[in-house]
Amino acid sequence: MSPNGLIALAAGLAVFTGLGAGIGMSLATGRAAEAVSRQPEASGKINSILILGLAITESTAIYGFVIALMLLAKIV
């Protein structure tokens with residue numbers, strides 16, 4: 001396999017971090033909605049923790065995307 005093919009494969013794998021982040025974010029959002037339905041009085045604390053967790057999870061997906069772009073820039 002050529003070096004360009006390996007770089008393209010690595011870039012494709014780096015993009016899969018978005019898949020993991022999407023699954024994690026959906027699970028966290030579902031659990032937060034369940035927690036609010038059980039304890040509506042704690043919705044403020046639950047929302048703030050949820051937003052912090054979603055921001056960290058989204059940053060993982062963004063890092064994977066940036067790495068994929070950097071790898072693809074090496075091909076050109």
Size of the range 3-75 as Cα extents on the principal axes (Å, biggest first): 56, 15, 7
Counted charge near Ile46, where neighbours are those whose Cβ lies closer than 13 Å (Asp, Glu -1; Lys, Arg +1): +1
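Only the coordinates and a few stated rules stand behind these numbers; no lab work does. Model, not experiment: these values are computed from the prediction. Using ideal geometry, Cβ is built from the backbone for each residue, glycine included, and neighbour counts are taken over all protein chains shown.
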